[in-house]
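Heads up: the structure comes next, in structure tokens.
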Amino acid sequence: MARLAMIIDMNRCVGCGACVIACQEEWELPPDITRTWVHPLYPAAAEGDKDERPLFTHDVGMCNHCEDATCIPACPTGATYRDEKGRVVVDTATCIGCGYCVEACPYGARTLREDRGVVDKCDFCNRRVDDGVLPACVETCPAGARIFGDLDERDSEVSRTFR
């Protein structure tokens, strides 16, 4: 079984949001639904603090495809499961849109699609990856901050970076 993973190198990420737009376009998501996010963070500087801190940074996130994913047992229908490549995915044909998995996710990486009555989340662009193409967010990142691959392939970039 493959262990697909993504690392986001925050030393490279410039916070441009191209990954968010690429994902929304790839999956034809409405503007209020995202599978990944880039939120600006503005750290509060202490009075008199003259450190050369950045003016801002950003919080970048998505589904972590957790090893012990709390969303899986929370799903009453089995619509949320781990596939053969280690991805945590949602079978929309089985999903009843109850939102239990949304509440169980500690990272806020799931969204209830009221327009479709199902839960939506990042699945590492499973149909792209299964066709040998990188996830849209990885392919689009101008800074190369998103690193994707199989952790079990010792020579993969994600495996080398993780070590």
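The values are calculated or read from the model by the stated rules, or taken from the named source; none is laboratory data. On a predicted model such as this, the values are computed, not experimentally measured, just so you know. Every residue, glycine as well, gets a Cβ built from its backbone with ideal geometry; the counts of neighbours run over all protein chains shown. Protein only, heavy atoms only, side chains kept; ligands, DNA and RNA dropped before computing areas. Shrake-Rupley method; radii C 1.70, N 1.55, O 1.52, S 1.80 Å.
General remarks:
- Extension gain, V14-E114: 0.36 nm per intervening residue step, less the Cα-Cα distance, totals 32.8 nm.
- Magnitude of the charge dipole, segment 1-157, Cβ model with Lys/Arg +1 and Asp/Glu -1, debye to 20: 140 debye
- Cα centroid of segment 127-145 to Cα centroid of segment 2-41, whole Å: 11 Å
- For segment 6-163, the solvent-accessible area of protein heavy atoms averages 59 Å² per residue (probe radius 1.4 Å; ligands and nucleic acids excluded).
- The H on the amide N of V119, modeled in the peptide plane, is under 5 Å from the matching H of G97, R113, each at least 5 residues off or on a different chain.
- The Cβ shell under 14 Å around I72 holds other residues with a net charge of -2, Lys and Arg each +1, Asp and Glu each -1.
- A Förster radius of 35 Å combined with the Cβ-Cβ distance from A104 to D155 puts the calculated FRET efficiency at roughly 0.50.
- Its Cα gyration tensor gives the chain an equivalent ellipsoid; the semi-axes, largest first and in whole Å, are 28, 21, 15.
- Per-residue ³J(HN,Hα) for segment 8-21, Karplus 6.51 cos²θ - 1.76 cosθ + 1.60, θ = phi - 60°, Hz, x for Gly and Pro: 10, 7, 5, 6, 9, 5, 9, x, 6, x, 4, 5, 5, 5
- Computed extension length for D131-T92: 12.0 nm, one decimal, from 0.36 nm per residue of separation with the Cα-Cα distance subtracted.
- Summed over qualifying helices (DSSP H, 4 residues or more, each -39500 (n - 2.57)) and divided by its residue number, the chain shows a 222 nm mean residue ellipticity of -4500 deg cm²/dmol.
- Computed lengthening from R3 to Y81, 0.36 nm per intervening residue step minus Cα-Cα distance: 26.6 nm
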